[in-house]
Each structure stands twice: as C-alpha cells, then as structure tokens.
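Notes follow once the structure below has been shown.
The values are calculated or read from the model by the stated rules, or taken from the named source; none is laboratory data. As the structure is a computational prediction, the values presented were derived from the model and not from experiment. A quick note on method: Cβ atoms are made from the backbone with ideal geometry, for glycine too, and the neighbour counts reach across all protein chains shown.
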Amino acid sequence: MGKVIAVISGKGGVGKTTTTANIGLGIAMHKRKCVVVDFDIGQRNLDMILGLENRVVYDVVQVMDKEVSLKQALIKSKEQEHLYFLAASQTKDKSVLDSQKIKELIEELRNEFEFIILDAPAGIESGYEHTIEFCDAAIIVVNPEVSSIRDADRAIGILDSKSQKVKDGGEVEKYLIINRINVSMLQGGEMLKSEDILDILGINLLGKVPEDRGIIDASNRGKPIILNQKSEAGAAFNRIAARLCGEEIPLKDLENPSSGLLKKITGIFK
Amino acid sequence: MHNFLLEVFLKSKQYSVKVYETNIVDEDKFITFFEKYKLLFVDYLIVINGALPQKAREYLEANSIYYLVNVMLPRAKEHKVVIQALEDEKQQNQLEQQKAQEKLEELSHRLQNNLKVIDTLVRSGVELVVEQDLLLLGRLNSGATIRCSGNLIVTQVVEGSIYCEGNFMMLSASKKATIVFHGVQVDVSLLAEKLHRIEFENGKISIKPV
C-alpha cells in the first residue's frame, strides 16, 4: 500500500511543482516505485519541469472519468525506470473534480506504487481541497518571507480540518520544506530565520533548499535540478528524497555556510 | 331612638369581620405575599393604611378582595392566624435569602472553574469566540483572531488579533498584532518584550508590565 503525499503551499510561486518533480525523481533514484500526479487542473506544468511534455497523451481527468485506463495515461520515465507521471488536464478546470472519482483513482494508485506525490494547485479553493482530501501526508513548501508563511499557515489549518484522515479521527503527517533560501539575505537579517518559521507553523522540518539560479535553466530544459551534481539545491532535494525513503540524513546548516575561508580570501584582494 | 334601633335590628344583620390591616411599602412584595396566602385571607377585610398603589389596587379588584383605604376601624384583639401568617412570611424570607446566598456562591465557584485552556497554536484564518475566561498557552499567529468576553491570558507573543471584553488581559504583543480592549485599540508598542496587564483603572485603560 503506497503512501500518498500532497505537496502544498497556500501561496503560489514558492516552488511546489519544482519540489514535486525533484522529490519524485529523487525517490525513483533511490529505487522506489513512485508516481507524480499533477493536480493543478487547467494549469498543467509538471510535465514541462520533468521534461515529459511531448509524451503526454491522456490526462488524470480522463482516467477519473473512465475515458481511458490508468495504464494508458501513465507515462513511464525513460531516464529513471521507477518514475511514473500522470499529467493534469489542460482544457478542463477544477470544477470537474469529484471526490468519489478521486478516491477511486487514489486507491488504484496506492495498489501500484510505493509513493504517490500529488502536486496541489496554489490557493485554498476547491482544487486544493480535493488534492488534500485523501492524502496520508503533506509537504508544505514555503519561502522564508512573511506572506508565504501566513498563507502556508492558513493552508495547514484547512488541511487539519478538511482532509478525510482528520475526519476519520487521525492526523495528516506534515513536513516543511523551506525553499529558495538566500543565504546572504538571511545573514543580513532580510529573511525569516528557520527557527521563527518553525515556531509559527508548528510542524517538523523536512529540509531546506537554497536559492539556485540554475533552477530556471533546469525547468526550461526539462532536466530537474536534482540531476545537476554541482547544484546545492539539487543536493538538498536529494537529501530530502533520501529522508522520505527512511534514511536519516542530518540537516545541513544552510544559514551559516562554510564559506568563511572564501570570504577571508576575497577580503585580501579588495 | 329605641324604636329606630329595633327597626334597624330587625331588618339588618350584625356580625364580626376579620380585618387584616397593613400599609404597602413594596407593592410587588405585597402582591406576592397575598398570592401565597390568598386562601387564608378569604374571609378578611383588607385595610390599607397610607397609599394604595395602582398595581396593588388592580390586584385586589381582580381578585375580588374587599378592601378599605385609610379607615380607622375599632380594633378587636389581633387574630392569632394573622400573626402566624406573618411569622411564616418571615421564615420564608429567610429561606429565600439563604437560597439566594447559596446561588451566588455557586456562581462564583463556577466562574473560578470556568477557565478555558488552549495549548495548541491558533492558525491564520481561525477565529475563536470564547464566552469565558481563556488561558492560551500556544501562539496566536498573524491572521488569527480571538474574541473573548471573559478575562484573557496569553503566554506567548501575540501576532494576531484580540478583542477582549473582560476585566483584564495579560499578554505581550508583536507589532503585527491588533489588540482591542473594550472597543479601544491598544498601542502595541506598549506591549512589547514581556507580559503586560491591561485593565481599567479609574475609568482609563492601564497597562502595567508583569
């Protein structure tokens, strides 16, 4: 029985889709059968990040409406045999989502995969509520700035009141990823510190990902940053994926990087 | 004269009447008392000394009770039954007073135990309405609201909104917070760093660090 993880944020543009793509790929790289599902109905973009847009024939709505079978719609990655992908509809919108149909799809996916990662839409509307409805866990992606934190807080509140697991008396596991950490801004006091963020949101930290300009290029080329050996962000996603697979990896202190020596050297040349 | 009296005597009746004489200080009490002992006074003539207030008058009329106002009647011995009724009334009053006292004690006891304790954080978008005293041990996040009609104590820094109508509040607030006490917005810069006690003193809002 697979684990269903929804990737949420409340605020848009903080890196949900990038995170979903990289974590999904990371889990597959750890040899676990994983499917990533784009639940942003009407705004398909997970396919682009994964470099799979030219392979999309059928979408998740068609599967739920029983127009096509799951097997027909699932796209298996050619680069990573454990990674599968289910695209969002681009023509329809969130109003086509139906709880019963989603429940059946999730059950079918649970039987097939170890990890089912759902890329939620931004906001707290019905599209979001449908995505979190049947999840076992949620990864909350934030940027270290106030509006992202407040929106995430709201989204978590809704998760804790509307998901099926909570209605059945349980609790959805919640994990935090602080994304797009700009180290120099942090040190200059211009960004929220991790401890403050954890205080406000009251959930466990899964990982921290530094800002990386290479991510834009990675998206454009459809090659997720985790594949880039030289990228700090990529390395961070790798650590996160490993933790999800059960490995114990200590958190890297991104806020005080070991660039002290480099600073001293540049100081000499000034 | 003798003939006249005989005349009167043959065509008339002569009998004694029981009188209950009182003056009405509190017409509601009078009516309540009368209602209770209505059966006892069935054969009585009620004599009111002093003023007969409207409500009392209407009550007597409505219940077909015979009454006279401000008459000096020749007195006979006071009837024992009336005294007994008065004694009973005294006792009843004592009982009622006792009951009222007990009720008051019960109420204050309840208030002391009527403290709501919340030890989870309150998330953005949540609005808590509390009709009793509240002790909040968790955070009040930005975008969250508490409306409390009782007293309020918050142990962690407040970043959300608080509307309190109680006797006092105890909290510390960040500059993001909105703190309103009995409809008056409190300057949050006065509530920084540590717990402050906010209450009314001499008609003005007083803020003292704890």
- Note on the structure: Only one of A:PRO224, A:PRO257, A:PRO250 is buried (at least 18 other Cβ atoms within 10 Å of the Cβ) and either of a type outside the set (A, V, I, L, M, F, W, C) or modelled with pLDDT of 85 or more (or both), namely A:PRO224
- Query: Can you tell me which residues in segment B:137-158 are within 14 Å of another protein chain (Cβ to nearest Cβ), crowded, with 19+ Cβ neighbours inside 10 Å and either in a strand (DSSP E or B) or free of Cβ contacts under 8 Å to residues at least 12 places away in the same chain (or both)?
  - Reply: B:LEU140, B:VAL158
- Inside segment A:157-172, can you point out the residues that are among the polar types (S, T, N, Q) and assigned to a loop (DSSP other than H, G, I, E, B)? A:SER163
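Run down A:LYS174, A:LYS167, A:LYS230 and say which single residue is surrounded by fewer than 20 Cβ atoms within 10 Å (Cβ to Cβ), on the phi < 0 side of the Ramachandran plot and within 14 Å of the chain's Cα centre (by Cα). Spell out how you get there, then give the answer.
Values: A:LYS167 fails: within 14 Å of the chain's Cα centre (by Cα); A:LYS230 fails: within 14 Å of the chain's Cα centre (by Cα).
Testing whether each residue is surrounded by fewer than 20 Cβ atoms within 10 Å (Cβ to Cβ), on the phi < 0 side of the Ramachandran plot and within 14 Å of the chain's Cα centre (by Cα) leaves just A:LYS174.
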- Query: Is it true that some residue in segment A:196-219 is of a type in the set (Lys, Arg), away from chain B (no Cβ under 14 Å) and surrounded by 17 or more Cβ atoms within 10 Å (Cβ to Cβ)?
  - Reply: yes
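Would you be able to say whether some residue in segment B:105-114 is at pLDDT below 95, under 30 Å from B:TYR44 (Cβ atoms), among the charged types (D, E, K, R) and not in a loop (DSSP other than H, G, I, E, B)? Show your work before the answer.
Step one: list which residues in segment B:105-114 are at pLDDT below 95, which gives B:105-114.
So of that shortlist, the ones also under 30 Å from B:TYR44 (Cβ atoms) come out as none.
No, that holds for no residue.
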- Query: Among the residues of segment A:35-55 satisfying the criterion of being in contact with a Gly (Cβ under 9 Å, 6 or more places away or on another chain) and charged (D, E, K, R), which is surrounded by the fewest Cβ atoms within 10 Å (Cβ to Cβ)?
  - Reply: A:GLU53
- Item | Among (1) surrounded by 20 or more Cβ atoms within 10 Å (Cβ to Cβ); (2) under 30 Å from A:ASP160 (Cα atoms), the one test that B:VAL186 misses | (2)
- Message: I'm trying to understand the selection: among the residues of segment B:196-210, which are touching a helix residue (DSSP H, G or I) at 6+ places or on another chain (Cβ under 8 Å) and free of Cβ contacts under 8 Å to residues at least 24 places away in the same chain?
- Response: B:ILE207
- Task: Return the only residue of B:VAL129, B:VAL180 being in contact with a Ser or Thr (Cβ under 8 Å, 6 or more places away or on another chain), in a strand (DSSP E or B) and either more than 14 Å from chain A (Cβ to nearest Cβ) or at pLDDT 95 or above (or both).
- Result: B:VAL180
- Task: Could you grab the pairs with beta carbons closer than 8 Å, sequence gap of 6+ or different chains, first residue in segment A:158-181 and touching a residue at least 40 places away in the same chain (Cβ under 8 Å) and within 14 Å of chain B (Cβ to nearest Cβ), second one of a type outside the set (A, V, I, L, M, F, W, C) and in a strand (DSSP E or B)?
- Result: A:LEU159/A:LYS174
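For segment A:134-151, which positions are touching a Ser or Thr at 6+ places or on another chain (Cβ under 6 Å) and either of a type in the set (Gly, Ala, Ser) or away from every other protein chain (no Cβ under 14 Å) (or both)? If you could, list the steps in order and put the result at the bottom.
Applying the first criterion (touching a Ser or Thr at 6+ places or on another chain (Cβ under 6 Å)) to segment A:134-151 yields A:141-142, A:150.
Answer for segment A:134-151, where residues must be touching a Ser or Thr at 6+ places or on another chain (Cβ under 6 Å) and either of a type in the set (Gly, Ala, Ser) or away from every other protein chain (no Cβ under 14 Å) (or both): just A:VAL141.
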- Within the set of pairs 6+ apart or on separate chains, which have a first residue in segment A:220-249 that is over 18 Å from A:LYS3 (Cβ atoms), a second that is outside any loop (DSSP other than H, G, I, E, B) and of a type in the set (Phe, Trp, Tyr), and C-beta atoms under 9 Å apart? A:PRO224/A:PHE237; A:ILE225/A:PHE237; A:ILE226/A:PHE237; A:SER231/A:PHE237
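Take the residues in segment B:115-126 that are more than 21 Å from A:SER148 (Cβ to Cβ) and assigned to a strand (DSSP E or B), then tell me which one is farthest from the other protein chains (Cβ to nearest Cβ).
Ranking the qualifying residues of segment B:115-126, first place goes to B:LEU115.
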- Query: Counting just the residues of segment A:129-143 that are crowded, with 24+ Cβ neighbours inside 10 Å and not polar (S, T, N, Q), which one comes out nearest to A:LYS162 (Cα to Cα)?
  - Reply: A:ILE132
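Which count do you get for residues in segment B:159-177 that are within 17 Å of B:SER142 (Cβ to Cβ), away from every other protein chain (no Cβ under 14 Å) and either of a type in the set (Phe, Trp, Tyr) or in a loop (DSSP other than H, G, I, E, B) (or both)? Don't jump to the end; show me each part of the working.
Here is the first cut: in segment B:159-177, the ones within 17 Å of B:SER142 (Cβ to Cβ) are B:159-163, B:171-177.
Now narrow it down to the ones that are away from every other protein chain (no Cβ under 14 Å): B:162-163, B:171-173.
If we keep only those that are either of a type in the set (Phe, Trp, Tyr) or in a loop (DSSP other than H, G, I, E, B) (or both) too, we end up with B:163, B:172.
Here the count works out to 2.
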- Message: Could you check segment A:76-90 and list, in sequence order, the residues that are in contact with a helix residue (DSSP H, G or I) (Cβ under 9 Å, 6 or more places away or on another chain), of a type outside the set (D, E, K, R) and surrounded by fewer than 21 Cβ atoms within 10 Å (Cβ to Cβ)?
- Response: A:SER77, A:GLN80, A:HIS82
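For (1) free of Cβ contacts under 8 Å to residues at least 12 places away in the same chain; (2) within 19 Å of A:GLU107 (Cβ to Cβ); (3) in contact with a His (Cβ under 6 Å, 6 or more places away or on another chain), each residue gets a yes or a no:
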residue	(1), (2), (3)
A:ASP40	no, no, no
A:VAL61	no, yes, no
A:LYS66	yes, yes, no
A:ALA73	no, yes, no
A:GLU81	no, no, no
A:TYR84	no, yes, no
A:LYS92	no, no, no
A:SER95	no, no, no
